[in-house]
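Visitor: Below you'll find the structure I mean.
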Amino acid sequence: MPSIRSRILYWLLKVQRPPFDPNKSVQQQRSLLENQGKRAPMPRNVDVQPIAMGDLPAEWLCPVGMNDNRAVLYLHGGGYTMGSRRTHRALGARIAIASQAPVLVIDYRRCSFRWAIVKSC
């Protein structure tokens, strides 16, 4: 039997308008996705450390008690038009907790990659 939490999530996803609507402009869809990302609860015990990776803004999501000799690079979806580190921060934090490793989330939408040496958490 599904948990109450999963039933609530299912209901929210069912009644909430999806951010991707072909009748809306890309900018309107981005705004909807950003607003949804703000409502995603951040887990406790994850330190958010903003950094720059070359010209790209990024964040290290570092869980308490992490294994710092490995890391996860999280590249959000969105077809290079949508999504950001803000829209996917809570998911990245959950990945950091589950893997007990720092997670790097990059804002790469509409940008070309310029890799730089980055100091870990």
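Visitor: Can you report the number of residues in segment 29-84 which are touching a residue at least 12 places away in the same chain (Cβ under 8 Å), at positive phi and more than 13 Å from the chain's Cα centre (by Cα)?
Guide: Selection size over segment 29-84: 4.
Visitor: Tell me which residues, restricted to segment 36-51, are surrounded by fewer than 11 Cβ atoms within 10 Å (Cβ to Cβ) and not basic (Lys, Arg).
Guide: Within segment 36-51, Pro41, Pro50 qualify.
Visitor: For the structure I just gave you, tell me whether Gln16 is at pLDDT below 75 and surrounded by fewer than 17 Cβ atoms within 10 Å (Cβ to Cβ). So that I can check it myself, show each step before the final result.
Guide: Working: at pLDDT below 75: yes; surrounded by fewer than 17 Cβ atoms within 10 Å (Cβ to Cβ): yes.
When the stated conditions are applied, Gln16 passes them.
Visitor: Right, another one. Scan Arg109, Arg85 and give me the residue that is modelled with pLDDT of 80 or more, in a loop (DSSP other than H, G, I, E, B) and surrounded by 11 or more Cβ atoms within 10 Å (Cβ to Cβ).
Guide: Details: Arg109 fails: modelled with pLDDT of 80 or more.
Testing whether each residue is modelled with pLDDT of 80 or more, in a loop (DSSP other than H, G, I, E, B) and surrounded by 11 or more Cβ atoms within 10 Å (Cβ to Cβ) leaves just Arg85.
Visitor: Report yes if Leu33 is in contact with a Ser or Thr (Cβ under 7 Å, 6 or more places away or on another chain) and surrounded by 12 or more Cβ atoms within 10 Å (Cβ to Cβ), otherwise no.
Guide: Values: in contact with a Ser or Thr (Cβ under 7 Å, 6 or more places away or on another chain): yes; surrounded by 12 or more Cβ atoms within 10 Å (Cβ to Cβ): yes.
Yes; evaluated as a whole, the condition is true for this residue.
Visitor: Follow-up. Give Met66, Met42 a once-over and let me know the one that is closer than 26 Å to Leu9 by Cβ, at pLDDT 80 or above and assigned to a loop (DSSP other than H, G, I, E, B).
Guide: Working: Met66 fails: closer than 26 Å to Leu9 by Cβ.
Residue meeting the stated conditions: Met42.
The values are calculated or read from the model by the stated rules, or taken from the named source; none is laboratory data. Remember, it's a predicted structure, so these values are computed and weren't measured experimentally. We place every Cβ from the backbone using ideal geometry, glycine too, and count neighbours over all the protein chains shown.
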